[in-house]
Every structure is written in C-alpha cells, then in structure tokens.
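Asker: One structure coming up, written as structure tokens, with questions to follow.
The values are calculated or read from the model by the stated rules, or taken from the named source; none is laboratory data. On a predicted model such as this, the values are computed, not experimentally measured, just so you know. FYI the Cβ positions are ideal-geometry reconstructions off the backbone, even for glycines, and counts take in every protein chain you see. Only protein heavy atoms, including side chains, enter the accessible area calculation; ligands, DNA and RNA are left aside. Shrake-Rupley method; radii C 1.70, N 1.55, O 1.52, S 1.80 Å.
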Amino acid sequence: MFDRSSFPSRRGVAATLAGLPFAGAAAAAGSAALAADLAGLTDITTRAKPIDTAERAARLARAQALMRQAGIGAVVIEPGSSMVYFTGVFWHRSERATLAILPAEGHPCIITPYFEEPSVRQTLAISADVWAWNEDENPMARAADWIDRMHLLGKPVAMEETVRFFVSDGLRQALHDLDPSMPTVSADPVVRGCRMVKTPAEIALMQAATDVTIAAYRYVHPRVRAGMTNHDIAAMMDAATTKLGGSPEFSLVLIGPAAALPHGSRAPQVVAHGAIVLMDCGCTVQGYQSDVSRTFVFGTASEEQRRVWNQVAKGQQIAFAAARIGAAAGSVDDTVRGYYTSLGYGPGYHLPGLSHRTGHGIGLDGHEPVNLVHGETTPLAPGMCFSDEPGLYLPGKFGVRLEDCFHMTDAGPRWFSTPPLSIEQPV
C-alpha cells in the first residue's frame, strides 16, 4: 500500500550497517554482529530474466494496434515507468525535456538534449530515431517536426497521463503552428491498455520481487526486540532485502497507536511488550515491484488485537474470492466493505474501519491503474495485478493491515505471496 511520496524519508541500509538497530557503546559491536548475521543471506534473484527485445517489440505492436483502433496518430511519454516499459530508457525528469514518441506506424523517436544523448542511448532497448536538441532550441518544435516528418499531422497526439503541463502545452502550441486543427488527447486507452495486462515475463519478475520481500520478513520478524524503533526495524528490512537481491523501495514500520494511521506518524515509536507492529514493505527486481504488509504483536496479543487481526484476515480472503474474471474492480471493494459494515465498522470509508481502498494495481509502479475501489467499473481480466489489503484502523488504539498481491488468470486470482496463518505466525 505504501506511497513513499506521502511520507518522510526513512533510514536505509547504510544506517543499519553503521550501527542500527543498536545504540550507544554497543554500536560498533552491534554493527559487526548484524553484518555477520546478514552474511547468511544470499541473492535469490540470480535467475530473474530481464525483459527482452521480443517482449518490447510486442509491447510496441500492441500500443500501435490500440492507437489505430482509437484513431490516435502518436503517443508522447516523459521519463518514468512508461518510458522504461516501451523503450527501456531509464532517465530522469528535469526542466530539459526528454520525450519518447510512439507513432501508430513505424519506429519511435526519442527527443533529448544534445549533451544527454550518449547517456540516454545507454538504456535504449529498441530501434528508434534519436533527435537531439541544443540549449538554444525548442524541444517541442523538434518533437512537432518529427511528427510532421512521420506524416502524422491531422491525427490526434495523445499525452501519457503523467506528462507535465509545460510539456503538453508546449507541444500543443508547436503542433498548432504546423496544423491549427491538430488535436491532443489522453493516451490512457493506449498506455493503460498495454500496462494493465502483465505478460508472463512481467509476472515472473513480480514474483521474484515478492519472494525477496517474504524472505526479508522471515529474517526480520524473529529479530525484532523491545526498545527498537520503527527506523531500526525498517533499516534491518532494507539490509536484508539488499542481501537477498532486491532493491529496497519502501519499508514502512508502524508501532502501537501509529499503526492506526495507514501511512504512519511522525511521533516516536518504540517496540514494547504487547505492541502491534505493522510493516508495509516492498522492493524491485529488474524494475518490477512487490508490496507486502504484515502485522504482528511483540509478545502476547490481546483479545481485541487477535479479533481485529482475524477479521482483516477474513476480509482479505473475501476480497480474493470476489476477484473474478469480468467482475467490476469496484465490486471487490464493495464486497469487503459490506462484510466490515456487518461487524459494526464504517459505514463506507469512515473510522473505525477501512478508510482506504481495498487494493491498487501494481507492476513497474507500486501504484498503477486501476484500483479495487468503490465505483471502479473496469472489468477484471487475465494479467491484471493487484494488492489485496483491506486493513482495519482503530484511531488511538492500533491498526491491522495484511497485504498480499495477486494476478488474475483465466481461472481467477492467484497469489504472489501466501497470506499469513495467524497473528503469531505472520510470515
């Protein structure tokens, strides 16, 4: 579930190896002990296969078929996961525009600053034109000129949903200089039409990332001790994830009353006997993400903690059972919410209860369209991937979130990770 943009930066692997989760005079000895402990972990991702040339060619062919179906002439993409998905180009966003343009026919083009071209080419994984622009030139005019050369004027140019306004507006103006009637539209039918349905190669990488996260949980859970802070535990999770071959993406740890706030609290948090510990962690393997949440009690669980944990575990299974081919994505959320309402939670998104959606899409991004949320009418189809995380939150007390992701098959949903058995056996 965790959205890292919504929460302050956590401490990472370097902090762990510098002495966390130990303090004071024991820091050096603790660091050495932790390093020795981590030495028992090995990379479990060595057989993960990166996305190959044939897969990228199939993605472009699919996108072009969807463009022709929608009457779109070209799709414009800025650096980010969609650019990686279609071109392999791993780049950053700045005030200097780098763009990928996918035409409905023919090969794509990368528009990039002249001095950045050699670096951009290093990750380019498809056959494409590369048109560079100098600092005294208008990159949007260069993009419009390429679209003109490809004989695409007069057909709508579609903007990927994360393209920034200055790019979309600047390109629109440059296109209008060539053809005043040139329309710009949303690229969602094309980009979502491709990315929402994962291939076996993508699912295999997501499985590898999930395997890393589960293995890291198995390492961390028995090593949680009284007096540790949420940062200590998160750093230990990052260190284990790295040793296991994953790239840590987020490690959110919430202790006690902070667990009632789905994305955490700035208040100090320390493990004590009887405290809920909620962990929401994920990593990437070859760019594809995992997202797994576990909740347990340090020590002995109270009757209330156990009851709520069991209710969430059942809610997770109810969501899984409701995820059927052809069902509206929102119906999964509605089914879980109906169960929680019958227990006295809510109603709807009110607290105490489930204040967020039941799940989100996942792939190259931790959160992708579409969501398992009330009102979402998109039908579930094979290849779609989602988190299943219908938590329950009791303000001032604690929260419980169990999160496992699944992918849709012709026969229904299939787990990437197996949900936990009990509050005493969270991993």
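Asker: Using a Cα-Cα cut-off of under 19 Å, which aspartates and glutamates could be cross-linked to LYS397, ignoring same-chain neighbours fewer than 8 residues away?
Answerer: ASP280, GLU303, GLU304
Asker: Excluding ILE111 itself, calculate the net charge of residues whose Cβ lies under 12 Å from the Cβ of ILE111, where each Lys or Arg counts +1 and each Asp or Glu counts -1.
Answerer: In short, -4.
Asker: Here is a follow-up. Order TYR114, TYR339, TYR219, TYR349, most accessible first, counting only protein heavy atoms with a 1.4 angstrom probe. Walk me through the numbers before you get to the answer.
Answerer: Details: TYR114 140, TYR339 40, TYR219 10, TYR349 85 Å².
Largest accessible area first, the list is TYR114, TYR349, TYR339, TYR219.
Asker: Relative contact order of segment 116-256: what whole-number percent is it, with Cα pairs under 8 angstrom and at least 6 residues apart?
Answerer: Computed value for segment 116-256: 16 percent relative contact order.
Asker: Now for a separate question. Count charges around HIS374 for me, please; just the other residues with Cβ under 14 Å from its Cβ, Lys/Arg as +1, Asp/Glu as -1.
Answerer: Details: positive: ARG337, ARG357; negative: ASP333, ASP334, GLU376.
Net of charged neighbours comes to -1.
Asker: P(r) tail for segment 76-234, what percent of Cα pairs lie past 25 Å?
Answerer: On the way: 5272 of 12561 pairs.
Counting pairs separated by more than 25 Å, the tail of P(r) holds 42 percent.
Asker: Let me ask you something else. Using R₀ = 45 Å, calculate the FRET efficiency as 1/(1 + (r/R₀)^6) where r is the Cβ-Cβ separation of ASP410 and TYR349; round to 0.05.
Answerer: Values: r = 33 Å, r/R0 = 0.73.
That pair, ASP410 with TYR349, gives E of 0.85.
Asker: Under a plain spin-label model, where a point goes 7 Å from the Cα along Cα-to-Cβ, how far apart in nm are GLU55 and PHE90?
Answerer: Distance between label points: 1.4 nm.
Asker: Follow-up question, since we're still on this one. As a test question: what accessible area, to the nearest 10 Å², does THR45 have when a 1.4 Å probe is rolled over all protein chains in place?
Answerer: Accessible area of THR45: about 20 Å².
Asker: Next question, about the same structure. Per DSSP H run of n ≥ 4, the term is -39500 (n - 2.57); total these for the chain, divide by its residue number, and report the mean residue ellipticity at 222 nm rounded to 500 deg cm²/dmol. Please list the in-between numbers first.
Answerer: Details: 12 runs with 149 residues, N = 427.
So the helix-based figure for the chain works out to -11000 deg cm²/dmol.
Asker: From the protein chains alone at 1.4 Å, what is the descending order of accessible area for THR112, THR300, THR409, largest first?
Answerer: Numbers: THR112 0, THR300 100, THR409 25 Å².
Listed by decreasing accessible area, they come as THR300, THR409, THR112.
Asker: Regarding segment 42-157, what's the average projected area of the Cα-atom convex hull, expressed in nm²? Intermediate results must be reported in sequence, preceding the final value.
Answerer: Working: hull surface 33.9 nm².
For the Cα atoms of segment 42-157, the hull's average projected area reads 8.5 nm².
Asker: Per residue, how much accessible surface does segment 31-119 expose to a 1.4 Å probe? Answer in Å², no decimals. Could the numbers behind the result be given before it?
Answerer: On the way: 3980 Å² over 89 residues.
Solvent-accessible surface per residue comes out at 45 Å².
Asker: Using a 1.4 Å probe over the heavy atoms of the protein chains, calculate the carbon and sulfur portion of the accessible area of the chain as a whole percent. Walk me through the numbers before you get to the answer.
Answerer: Working: 9640 of 17540 Å².
Carbon with sulfur: 55 percent of the solvent-accessible area.
Asker: Quick check on the chain: what does the Kirkwood estimate of hydrodynamic radius come out to from the alpha carbon pairs, in Å? If you can, show how the numbers build up before the last one.
Answerer: Values: mean 1/r = 0.0432 Å⁻¹.
So the Kirkwood estimate lands at 23.2 Å.
Asker: Now a separate question. Just to check I understand the Karplus step: with θ = phi - 60° and J = 6.51 cos²θ - 1.76 cosθ + 1.60, what whole-Hz values come out for segment 321-333, glycine and proline as x?
Answerer: Here the 3J(HN,Hα) series is 5, 7, 7, 10, 4, x, 6, 5, 4, x, 5, 5, 4 Hz.
Asker: Now for a different question. Sorted by accessible area (1.4 Å probe), largest first, how do ILE101, ILE51 line up? Show your work: numbers first, answer last.
Answerer: Details: ILE101 0, ILE51 30 Å².
Descending order: ILE51, ILE101.
Asker: Exposed loop trypsin sites (Lys or Arg not before Pro) only (DSSP loop, at most 10 other Cβ atoms within 10 Å): please give the longest stretch of the chain free of them, not including the sites.
Answerer: Details: sites that count: ARG47, ARG266.
Formally, the longest exposed-site-free interval is 48-265.
Asker: With a cut-off of 8 Å between alpha carbons and a minimum separation of six or more residues, what is the relative contact order of the chain in percent?
Answerer: Values: 917 pairs, mean separation 66.8, N = 427.
Across the chain, relative contact order equals 16 percent.
Asker: Using the alpha carbon gyration tensor of segment 194-318, what are the three equivalent-ellipsoid semi-axes (square root of 5 times each eigenvalue), largest first, in whole Å?
Answerer: On the way: eigenvalues 146, 64, 30 Å².
Its equivalent ellipsoid spans semi-axes of 27, 18, 12 Å.
Asker: Shifting gears a bit: Can you send over the solvent-accessible area of ILE126, 1.4 Å probe, protein chains only, in Å² to the nearest 10?
Answerer: Using a 1.4 Å probe on the heavy atoms, I get roughly 40 Å².
Asker: Moving on. To the nearest 10 square angstrom, what accessible area does SER247 show with a 1.4 Å probe?
Answerer: About 60 Å², rounded to the nearest 10.
Asker: Ok, one more. Specify the residue with the greatest mean-square fluctuation among ASP365, ASP404, ASP333, computed from a Gaussian network of the chain linking alpha-carbon atoms under 10 Å apart.
Answerer: Highest fluctuation of the listed residues: ASP365.
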